[in-house]
Amino acid sequence: MNSLFLRLFFTSLLLITANAWALDKPLLMDGKRTLFKRVLSIPEARLYSQPDGQSSSEDVIPFSVFYVYQQQGNWLKIGHDSFGKTSGWISEDQTIVWNQALTVSFKDPQDTQRVLMFGEKSSLQKMVDENDQEAYASLYQKLVNDEHVENNPVIAIQPEAHVDIHNNFYLVPIKQHEDVYLGNEQARLLQIASVPLSDGKVQAPEVEETQSIDQQGQETVVEIAPRQYRSGIHFVIDSTVSMGPYIDRTREAVRKVYGSITRQGLDNQVNFGLTAFRDNVEQVPELDYLTRTFVNLEQGADSAEFFSRVNTLEPSSVSSRDYREDAYAGIKAAIENTNWENFDARYVVLITDAGPRESHDSLGSTRLSAKALQQLAYDKGISIWVLHLRFDSPAADHDRAEKLYKKISLYPGIGDFYYGVELGKVDEFGNVLEVLANQITQQVLATINGVLPIPIPGLPEQETAPEPEPQSQPVATPQPKTEKAEETQLASLQTRVAKLGNALRMRYLQKEAGEPLPKVFDAWMVDRDFNDPLKSLVDVRVLLTRDQLSDLKSVMQQVLELAEEGVLTPSGFLNDLKSLAASVSRDPASVAGNISIEDGNLADLGYMREYIDDLPYTGEVMNLSLASWEEWSAKEQIEFMHRLESKINYYQALHDHTDLWVTPGGGPVNGNSMFPVVLDLLP
């Protein structure tokens, strides 16, 4: 009797526990086994304690992301995360169902049109079908000039100032999409809803408070004015044996710029840091270190502190193994070991006379490709510049190095920040460095003085900034006495520096003004520039949680390991892939019996995770045909594996940068925190 009672008791307990667990998990999307239902709140939405519309309630921050735990008629029980903590009930008609993880972020409208958002698909579809550039241009110009448009089909236009998704996280989910042609170029019509995760305002500068004692001995709170625009320039300098003259010239250039900063009253507005790098110390232990940070940006606010630390930097006394150095390790160290939070303009300046070690180089430490490292910097709002010292030697392979450095210094919408200097021209190198650093300083000064826009070299039609007072005049920087090609290269680079500076300034000024983000429901747009369809107006991203990124990395790591084995033993590779697919798939039976191994691809085998398998944009890894793999040469297979490995390493680096992740509803970073991962680096 007691035994029967105990069995019934524990059976009941298990059922109660199972039911409680089920209630603690959000509802699944229809047809999915791992993806939870999510909705977005609309403006004016309210959260109730009970599903009645009469109980106690509170306002909901517009466009918040919620998980759906229960549904009772028209009411949804919701929570900010999938860990079982619910927030209350919301009416279904005050939400947008959001099952699509694909999003877009608006590009900086420096060299492209601002995005027009149409209320009805038909109005935009007609212009696209007829490729009516004249009608679109006329409509666009009127809207930009704030002119009245009769029966205006456009319900919103992208703000003139760029809204940086890294500093002011917002969502623009794609609700529908359709492939079209804009002239001869393929484009997409996108139905979007603009969905910022904040309160709809760009974050205003923080006002600091401090305690003070007044004359009566009473404690009062004193507000400190918001900080002014700041630039951080972190040098990453090659400190191998050949770099002695350039290390000295860098110190000299920075010393001159510090003098200019002090004379113009910009102390602590332009800060310098410096990280030195060498190469693999396991191969050449005498190199002493791979990377070493001599001064960080906060220490570099003071010139005396900067030079007391940097003066200890000396080139190595021994040579590294070959003509390549681990420049990526230096850049990555500068990105990750620097506190960039209080800097509005962020620059990493690489100075080297060697090519970099790419992701597949066995002596490289980062295992990141140029694209992955550039994206990691861009995710952090950092622009990479490269001063490449070139010497005439086939073994140095400077053409390859130039291609990689241009790729790593590419800033979307503006161009690359690469400058090649013939080795031995120390004066040219130093003068270029001074010109660029002073240009950044002048951008800071113009921002503080409220001058707009900053003059761009080579574009005389722009208004120029008024002359500052004599006491604030910078010391004239000698222009490099170079050949015509060198002058052209510098002028071109200065133009891009000015464009980037204007873009960064506009973001800062917009942030200070608290201008609203674009807010549009069910708008239609085209993802390409109507007048120049080769230019994309948006970056396509996939919103992933931190747990999903870890999961994706784990699966891709297993695929990579099998691929590496498959090069050596190709006969068993496809069967190994199929076995692994069955273990990671949400439906192992279909993988085991119904998928043709010869005709399918990795997505068909079940490697495509549910959070990306419905996307209209797909990557090279998941589209890999297994038949094509067998036809590839060993070289092609290895190159594919190098690209995959670089993506995996980028996932790990992104996962570890907790400052990039946004937690819905606030709170510390956790597995449900989100980040919009750029599509190009997904598999």
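What follows is calculated from the coordinates using simple rules that are stated; it is not laboratory data. Please read these numbers as outputs of a predicted model, since none were measured by experiment. Cβ: placed from backbone, ideal geometry, glycine included. Neighbour counts: every protein chain shown.
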ask   = Length gain on complete extension for the stretch Val281 to Ser56, per 0.36 nm per residue less the alpha carbon to alpha carbon distance?
value = 74.5 nm
note = If amide H atoms are modeled at 1.01 Å from N in the peptide plane, then the residues at a separation of 5 or more from Asp81, or on another chain, having amide H under 5 Å from its own are Tyr67
query = How high is the FRET efficiency from Ser550 to Asp397, r the C-beta distance, R0 25 Å, rounded to 0.05?
reply = 0.10
remark   = On the formula 1/(1 + (r/R0)^6), with r taken between the Cβ atoms of Asp93 and Asn131 and R0 of 51 Å, the FRET efficiency rounded to 0.05 is 0.85
key: Euclidean distance of C-alpha centroids, segment 244-283 and segment 428-446, integer Å   = 12 Å
remark   = Most packed first (mean Cβ within 10 Å per residue), the peptides 642-653, 547-558 order as 642-653, 547-558
Cut-off 15 Å between beta-carbons: net charge of the residues surrounding Asn280, Lys and Arg +1, Asp and Glu -1 = -3
HN-Hα J in Hz across segment 260-277 - Karplus 6.51, -1.76, 1.60, θ = phi - 60°, x for Gly and Pro = 5, 4, 5, 5, 9, x, 10, 4, 6, 9, 10, 10, 10, x, 8, 10, 9, 9
task = Give, rounded to the nearest 20 debye, the magnitude of the charge dipole that segment 21-97 has about its Cα centre when Lys and Arg contribute +1 at Cβ and Asp and Glu contribute -1 at Cβ.
result = 420 debye
query = Suppose R0 equals 25 Å; then what is the FRET efficiency for Ser123 and Thr495 from their Cβ-Cβ distance, rounded to the nearest 0.05?
reply = 0.10
inquiry  = Sort Tyr48, Tyr246, Tyr289 by Cβ crowding within 10 Å, fewest neighbours at the top.
reply    = Tyr289, Tyr48, Tyr246
query = What ³J(HN,Hα) values, in whole Hz, does the Karplus curve 6.51 cos²θ - 1.76 cosθ + 1.60 give for segment 293-307 when θ = phi - 60°, with x put for Gly and Pro?
reply = 8, 8, 8, 8, 5, 5, 5, x, 5, 10, 5, 4, 5, 4, 6
key: Long-range amide H partners of Ala156 with built H, under 5 Å   = Met117
ask   = Distance from the Cα centre of segment 636-683 to that of segment 312-391, in angstrom?
value = 20 Å
request  = Starting from the exponent 0.38 and prefactor 2.2 Å, build the expected Rg for segment 292-421 from its residue count and divide its actual Cα Rg by it.
outcome  = 1.08
message = Spelling out what I want: for every residue of segment 408-419, take phi, set θ = phi - 60°, compute 6.51 cos²θ - 1.76 cosθ + 1.60 (Karplus), and round to whole Hz; glycine and proline get x.
response = 6, 9, 6, 10, x, x, 10, x, 8, 10, 10, 9
task = Name the long-range amide H neighbours of Arg357: under 5 Å, sequence gap of 5 or more, or other chain; modelled H, no Pro or chain starts.
result = Glu325, Ala327, Tyr328
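Place the peptides 304-317, 414-427, 341-354 in order of packing, highest mean first, counting for every residue the other Cβ atoms within 10 Å and averaging per peptide.
Most protected by this proxy first, the peptides run 341-354, 414-427, 304-317.
Please express the shape of segment 21-97 as an equivalent ellipsoid: the semi-axes are the square roots of 5 times the eigenvalues of the C-alpha gyration tensor, given largest first in whole angstrom.
20, 13, 11
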Filter on Lys37/Lys77; Lys126/Lys175; Lys371/Lys647; Lys37/Lys647; Lys371/Lys403; Lys332/Lys499 - keep pairs with C-alpha separation over 18 Å = Lys126/Lys175; Lys37/Lys647; Lys332/Lys499
